[in-house]
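Let me begin by presenting the structure, written as structure tokens, before commenting on it.
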Amino acid sequence: MPIQTEVKNWKKKRKAVILAHNYQRPEVQDIADHLGDSLALSIKATQTDAEVIVFCGVDFMAESAKVLNPEKIVLHPNLAAKCPMAAMMDVDGLKELKQEHPGAVVVGYVNTSAECKTEIDICCTSSNAVKIVNKVPEKKIIFVPDSNLGLYVQRFVKDKEIIFYPGYCPTHVEIRKEDLLALKQEHPDAETMVHPECSPDVVDVADFTLSTEGMVRHVKESTKKSFIVGTERNMIYRLRKEIPGKNYIEVPAAICPNMREISLQDVLIGLQTLQPEITLSDETIRRAKIPLERMIEAGRGD
Ligand code: 13P
Ligand code: SF4
């Protein structure tokens, strides 16, 4: 029996839903019930009535699904799929930063551990970071952990002091301005989209800076035929499948090995054994839920 059919059968047996990030391997994207960026998947995780959530993405995403669904079984099919940016900050480092800046509000990118979220006031993702920072009434903001996303946000926030943490995405900082400029010269009719985790000089030469779901929306709406895609290359699989007939141009170095850890076999074994399961203490769930729910609430009515 093909592995896809086995996954389908076990999914039914377990009353499970498969959520997958846009950077997952093509074969994993193909068996997902929902594909999306961090925000879309967080929201999907609050809307499912499945008994089991199989989260195909990196560690912090699966943890967020558990925080938002404590009563459900949340499986993370391969525990090696960890986000190195999220691992750059621990809860003690964050507590120290808060002590240095009393009264500042902590806006935390979802790319943080559940434990760090217990010390965060409100979460954001790459698709809503500008809006969230602008909505926070306080003038002093600690933005963690991605300094590049923080610098991107600062372009649109004039009346606030932003304190940065020196975290970054090892994949997106490898995308080089020189490579983008060369591609733009080679494809003068193409629009260039980059992720806000890219360095500021890369953002400067791009036409659009977007979350992964924002890229899907943009390509659907654009009259252009060609797009330089400045993010993890598996993104292009989703774009080609959902919006065929357009030309997608890869940029060098854009590979996140962590996002590619999860295989179809891992998903099948996860469904069969109900392992590896995400477990978090009740106290972590209670406290980490607050900034995530504030973020989701801030986006209602959009
Ligand atoms: P998105 O929320 O834009 O999908 O980004 C998540 C991520 O980890 C990008 O590196
Ligand atoms: Fe983390 Fe970067 Fe990979 Fe996204 S692309 S999961 S931020 S390492």
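List of remarks:
- Neighbour net charge for E96 - beta-carbon separation under 13 angstrom, K R +1, D E -1: -2
- Within the range 50-107, all pairs of alpha-carbon atoms sorted by distance into 10 Å bins from zero give the percentages 21, 36, 28, 14, 1.
- Within straight-line cross-link reach of K95, lysines at Cα separation under 29 Å, skipping those fewer than 8 residues along the same chain: K66, K82, K117, K131, K135, K139, K140, K158, K160, K289
- For the range 1-115, the C-alpha radius of gyration sits at 1.22 times the compact-globule guess of 2.2 N^0.38 Å, with N the residue count.
- Sequence-separation-based contact order of the chain, relative, with Cα cut under 8 Å and 6+ spacing, percent: 24 percent
- Relative contact order, percent, the range 207-302 [alpha-carbon distance under 8 Å, six or more residues apart]: 19 percent
- By other beta-carbon atoms within 10 Å, ranking F227, F143, F164 with the fewest at the front produces F164, F227, F143.
- Prolate/oblate/rounded call for the range 61-197, Cα gyration tensor, a/c under 1.5 rounded: oblate
- Antiparallel content of DSSP bridges confined to the chain, in %, to 5: 5 percent
- Contact order, relative form, for the range 1-129: 19 percent (alpha carbon pairs under 8 Å, 6 or more residues apart, mean separation divided by residue count).
- Cut-off 18 Å (backbone N to label point 7 Å along Cα→Cβ of R217), residues of the range 138-179: 153, 156
- Computed extension gain for K13 through E96, at 0.36 nm per residue and net of the alpha carbon distance, reaches 25.2 nm.
- Long-range amide H partners of I249 with built H, under 5 Å: F227, I228, V229
- Among the trypsin sites (Lys or Arg not before Pro) within the range 8-56, those in coil by DSSP and having at most 15 neighbouring Cβ atoms inside 10 Å are K15.
- Taking Lys and Arg as +1 and Asp and Glu as -1, the other residues whose beta-carbon sits under 12 Å from that of K66 total -2.
- Relative pair counts by distance (%), Cα atoms of the chain, 20 Å bins: 34, 58, 8, 0
- Charge tally for H187 (other residues, Cβ to Cβ under 14 Å; Lys, Arg +1; Asp, Glu -1): -2.
A short reminder: the numbers here are calculations on the coordinates, not readings from a lab. Because the structure is a prediction, the values reported are computed rather than measured. When we count neighbours, we look across all protein chains shown, and the Cβ atoms used for this are built from the backbone with ideal geometry, even at glycine.
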